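Report on the following structure.
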Amino acid sequence: MSDKTNVATITQRHGSSSSNGMSSANGAMDKKIPTVSAGYDNEKHNGSRSNNASVNQSKFIRPEMADVPVQQAAGSTLPLVISKKKGGGADDSEDVNYNPFEHRKVEHPTSDMETFVHLLKGSLGSGILAMPMAFLNAGLWFGLVATFLVGTLCTYCVHILVKCAHILCRRRKIPMMGFADVAEQAFLDGPIGLQRWSRFIRFVVNTFLVIDLIGCCCIYLVFVGTNVKQVVDFYMEDGSEIGIRPWIAIITIPLIFMCLVRNLKFLTPFSMVANLLMFVGIIITFTYVFTDMPSTTERVGMADVVQWPLFFGTVIFALEGIGVVMSLENDMKTPTHFIGCPSVLNLGMGVVITLYTMVGFFGYLKYGPDTAGSITLNLPVEDKLAQSVKLMIAIAIFFTFTLQFYVPMSIIWKGIQHKIAPEKQNWSEYALRVCLVILCGAIAVALPNLGPFISLIGAVCLSTLGMIVPSIIELAVYHEDPGYGRCNWRLWKNIFLICFGIVGFVTGTYISILEFHAEFSQ
């Protein structure tokens with residue numbers, strides 16, 4: 001995502017100050033330092049602190065992405081402030097007296113409890129409905145252990161990302177950063193070989209965020225179409241049923257018009273309805289799951305190893321919430337409470353991992369080899385209450401599509417907006433929205449199998465964003481100061497995480513493609 005529209009270039013000269021209040025660090029040389037238009041309150045500082053740290057702060061302004069609800073904001077939350085390279089002057093070293101949290105200007109900061117609730121809302125999505133399918137590909141007991149292990153790794157990688165963000169904020173005197181910002185600044189602070197790739201890693205992060213979120217929108221279309229089809233087919237005469245692909249196309253049409261709404265405030269009532277319907281639907285689903293539960297001896301304890309990549313892809317799709325964590329942390333009243341032990345992140349992810357494990361364990365225990373891509377598809381279609389659950393959750397996912405769509409649309413539009421003439425921007429944005437929704441519909445029509453689709457998105461996007469990128473970021477941030485620790489333990493630990501993510505990426509993608517190939521070959 002380009003930030004050319006947000007970045008202004010200022011020139012520092014000996015004996016003079018730039019218009020945004022930054023002083024020149026080197027008197028003899030002219031230096032061009034990109035910064036962001038003023039919007040940061042530079043006056044907020046501790047009375048006992050020296051003016052020096054305050055004078056040299058980089059100013060920034062939070063863009064429209066900050067208006068995305070924290071449970072939906074998965075992209076970069078502010079344009080990057082590129083400061084001078086490490087070692088370039090007196091202001092480049094990490095200032096231990098600079099506290100970035102004191103300089104954050106958040107209109108409505110969230111408390112620890114509010115952040116905890118937002119974390120639950122951002123993590124407890126439609127992925128929870130696919131957890132029984134994950135256990136089908138892992139086995140009852142192996143899935144139980146592996147889900148906790150994968151969830152722990154995902155949570156640890158979030159710790160890595162947020163901790164590195166805090167280090168970079170202090171080092172560069174920037175109050176807050178988004179995911180893509182942390183990646184780019186980490187590469188700029190890393191070895192010389194990485195610095196040239198700083199813009200590329202930003203592009204990679206935003207690209208994978210867009211692919212992930214577009215993929216989620218496609219999964220939503222398949223999910224809604226499958227559940228609606230199952231209910232409608234029950235009342236249709238034999239031979240008159242409509243296939244899943246026409247249903248997905250039908251559902252895409254109203255979404256085209258809903259996604260033309262550019263103001264999220266108009267979508268807030270739909271979000272509230274979606275949350276209520278999802279909550280009620282899941283509660284009723286549990287009543288079916290816990291009725292007439294079979295013995296654990298009737299289920300496979302450990303599935304064939306060739307099925308494990310599908311398990312990995314599904315679990316990481318369900319559990320991975322790394323796209324929302326920087327938005328949550330940036331909006332906190334006390335950001336230091338987000339990571340640590342105990343912390344908001346640990347408590348929130350502990351609850352999420354426990355709930356997902358319970359749904360997967362008991363869902364697979366209940367339905368066994370008949371477990372479908374979504375647990376709602378296993379509910380008895382002839383039962384009126386079950387039909388209402390399928391429709392309630394389908395409607396909830398339908399409304400959630402518009403909110404999920406907002407984030408990739410914002411990332412893409414900010415990347416191309418500056419290339420379009422101002423008089424053409426209005427209709428160009430509407431055209432882009434229509435094309436993106438149609439693209440989602442076309443992908444969903446082409447790949448209507450829910451299980452491999454979920455696994456593919458998890459393996460490709462979230463193994464990259466959730467494990468590989470945070471590990472590389474930590475290697476870049478720690479490479480010089482404070483280093484990799486005794487026996488280079490940080491190096492070996494991150495190599496393990498990167499290799500684990502790559503194995504999940506490759507195997508999950510390969511197995512998902514084989515599943516799709518088998519489907520099209522029938």
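The values are calculated or read from the model by the stated rules, or taken from the named source; none is laboratory data. All values reported here derive from a predicted model rather than from experimental measurement. We place every Cβ from the backbone using ideal geometry, glycine too, and count neighbours over all the protein chains shown. We work out accessible area using only protein heavy atoms, side chains counted, and drop any ligands, DNA or RNA first. Shrake-Rupley method; radii C 1.70, N 1.55, O 1.52, S 1.80 Å.
Filtered by the rule that a residue be open to solvent by less than 50 Å² (accessible area, probe 1.4 Å) and among the charged types (D, E, K, R), segment 199-228 gives R202, D212. Against the condition touching a residue at least 60 places away in the same chain (Cβ under 8 Å), open to solvent by less than 20 Å² (accessible area, probe 1.4 Å) and either more than 20 Å from I353 (Cβ to Cβ) or of a type in the set (A, V, I, L, M) (or both), how does L277 come out, does it pass? The answer is no for L277. Failed condition for G350, given (1) touching a Gly at 6+ places or on another chain (Cβ under 8 Å); (2) open to solvent by 20 Å² or more (accessible area, probe 1.4 Å); (3) of a type in the set (G, A, S); (4) under 20 Å from I128 (Cβ atoms), with all others met? With respect to (1) touching a Gly at 6+ places or on another chain (Cβ under 8 Å); (2) open to solvent by 20 Å² or more (accessible area, probe 1.4 Å); (3) of a type in the set (G, A, S); (4) under 20 Å from I128 (Cβ atoms), G350 is out only on (1). For M392, are the conditions met, namely being farther than 30 Å from F266 by Cβ, open to solvent by 10 Å² or more (accessible area, probe 1.4 Å) and modelled with pLDDT of 90 or more? No. Looking at K163, is it farther than 23 Å from G501 by Cβ and open to solvent by 10 Å² or more (accessible area, probe 1.4 Å)? No: the conditions fail for K163.
None of I438, I502, I454, I473 is over 21 Å from V224 (Cα atoms) and either over 19 Å from the mean Cα position of the chain (by Cα) or surrounded by 22 or more Cβ atoms within 10 Å (Cβ to Cβ) (or both) except I473. Looking across L403, L385, L377, L365, one residue alone is part of a helix (DSSP H, G or I) and under 22 Å from the mean Cα position of the chain (by Cα). It is L403.
Is it the case that segment 188-198 has a residue that's buried (at least 22 other Cβ atoms within 10 Å of the Cβ), out of contact with any Cys (no Cβ under 7 Å at 6 or more places or on another chain) and among the acidic types (D, E)? Looking for residues that are buried (at least 22 other Cβ atoms within 10 Å of the Cβ), out of contact with any Cys (no Cβ under 7 Å at 6 or more places or on another chain) and among the acidic types (D, E), one finds at least one in segment 188-198, hence yes. Listed by position, the helices (runs of 4 or more DSSP H) contained in segment 158-254 that have at least 2 residues being over 30 Å from I438 (Cβ atoms) and in contact with a Ser or Thr (Cβ under 6 Å, 6 or more places away or on another chain) are 179-189. For segment 166-184, which residues satisfy the criterion of being of a type outside the set (D, E, K, R) and buried (at least 24 other Cβ atoms within 10 Å of the Cβ)? Hits for segment 166-184 are L168, C169, I174, P175, M176, M177, G178, F179, A180, V182, A183. What number of residues within segment 403-452 satisfy the criterion of being farther than 22 Å from V204 by Cβ and touching a residue at least 60 places away in the same chain (Cβ under 8 Å)? Total meeting the criteria: 16. Any residue that is hydrophobic (A, V, I, L, M, F, W, C) and out of contact with any helix residue (DSSP H, G or I) (no Cβ under 6 Å at 6 or more places or on another chain) - is there at least one of those in segment 479-490? The answer is yes; a qualifying residue exists. For segment 116-135, filtering for residues that are in contact with a Gly (Cβ under 8 Å, 6 or more places away or on another chain) and surrounded by 23 or more Cβ atoms within 10 Å (Cβ to Cβ) leaves 8.
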